[in-house]
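See structure below.
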Amino acid sequence: MKSAVVVFPGSNCDHDAYHVLKHVLGQPTDFVWHKETSLKGYDLVILPGGFAHGDYLRCGAIARFSPIMDAVFDHAARGGTLLGICNGFQVLCEAGLLPGALLRNSTVSFICCDVWLRVERADTRLTLACRPGQVITTPIGHGEGNYFAEPGVLDRLEGEGRVLFRYVAPPGLPGGSDDRFNVNGSARAIAGIMNEKGNVFGMMPHPERNSEKVLGDATGLVLFESLVRASAGAAA
């Protein structure tokens, strides 16, 4: 699986994603500067976390017009796998590649902590190596991670099985969907979604920050392993 990690001015999780793909999983991976105009030859494109262009105007609002974004649209249109993490998710929503928007956290403050995500579907490119209902621990670090969409859009996401992850309570604690653990106030505790074709994914938590045992329980690695497995299956 050949991967590209797009780098915007202000990206700060690009090296994390690169490290997991290149050094932990041994996959060919390149950095691609936001002023480039081609993503040909890549199976996976990642828009990483950070503060693209300083998050001026709105998070992702300027990055959405970077020269590389035409190639990002083309990559998605031809069925290539596209993953936006945190700021990357915000860029995908600003670009209209995913529905909804990321608003200011309900706490009106920046939040940096571990959260627990329940895998709602285990049959997508991003979740193939997961179990249905599996709960994974993943760090977050954002000020605008409150996922919002109109009720009709939310109903459609639910009905089409496009909600991938939800914020839940840690395993063993009563009240698995307790709102206390929906730390940013996201609608229906949604932490990650995908597009209609099942090749564009967005999530606010950072699995690349929990993909080695030295960093925690490494459960975030399962998502990257899923991407590799999906790519191998497509090649076969």
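One line per residue, one yes/no per condition, for (1) basic (Lys, Arg); (2) open to solvent by less than 40 Å² (accessible area, probe 1.4 Å); (3) assigned to a strand (DSSP E or B):
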| position | (1), (2), (3) |
| --- | --- |
| Pro170 | no, yes, no |
| Glu196 | no, no, no |
| Thr219 | no, yes, no |
| Leu223 | no, yes, no |
| Arg229 | yes, no, no |
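For the subset of region 4-46 comprising residues that are among the polar types (S, T, N, Q) and over 23 Å from Ile140 (Cβ atoms), which member is least open to solvent (accessible area, probe 1.4 Å)?
Filtering region 4-46 down to residues among the polar types (S, T, N, Q) leaves 11-12, 27, 29, 37-38.
From what is left, the residues that are over 23 Å from Ile140 (Cβ atoms) are 27, 29, 37-38.
Values: Gln27: 30, Thr29: 5, Thr37: 104, Ser38: 61 Å².
Among them, the one singled out is Thr29.
Cβ separations smaller than 8 Å between residues 6+ apart or across chains give the following pairs from region 98-123 residues that are without any contact (Cβ under 8 Å) to a residue 40 or more places away in the chain to residues that are open to solvent by less than 30 Å² (accessible area, probe 1.4 Å) and not in a strand (DSSP E or B): Ser109/Gly143; Phe110/Gly143; Ala122/Cys130; Ala122/Gln134. Looking only at residues of region 88-125 that are surrounded by fewer than 18 Cβ atoms within 10 Å (Cβ to Cβ) and hydroxyl-bearing (Ser, Thr, Tyr), we find that the one that is nearest to Gly192 (Cα to Cα) is Ser106. Restricted to region 47-59, and to residues there that are open to solvent by 60 Å² or more (accessible area, probe 1.4 Å) and touching a helix residue (DSSP H, G or I) at 6+ places or on another chain (Cβ under 8 Å), the residue that is modelled with the lowest pLDDT is Arg58.
Restricting attention to region 126-161, which residues are assigned to a loop (DSSP other than H, G, I, E, B) and surrounded by 22 or more Cβ atoms within 10 Å (Cβ to Cβ)?
Answer for region 126-161, where residues must be assigned to a loop (DSSP other than H, G, I, E, B) and surrounded by 22 or more Cβ atoms within 10 Å (Cβ to Cβ): Leu126, Thr127, Cys130, Gly145.
In region 60-87, the qualifying residues are those that are within 17 Å of Leu21 (Cβ to Cβ) and small (Gly, Ala, Ser), and the one that is surrounded by the most Cβ atoms within 10 Å (Cβ to Cβ) is Gly84.
Summed over region 60-71, the residues that are in a helix (DSSP H, G or I) and either without any contact (Cβ under 8 Å) to a residue 40 or more places away in the chain or touching a helix residue (DSSP H, G or I) at 6+ places or on another chain (Cβ under 8 Å) (or both) give a count of 6. hydroxyl-bearing (Ser, Thr, Tyr) and within 15 Å of the chain's Cα centre (by Cα): does that describe Ser11? The answer is yes for Ser11.
The values are calculated or read from the model by the stated rules, or taken from the named source; none is laboratory data. Just so it is clear, the model here is predicted, and its values are computed rather than measured. Cβ sites come from the backbone with ideal geometry, for glycine too, and all protein chains shown count toward neighbours. In case anyone asks, the SASA skips ligands and DNA or RNA and just uses the protein heavy atoms, side chains included. Shrake-Rupley method; radii C 1.70, N 1.55, O 1.52, S 1.80 Å.
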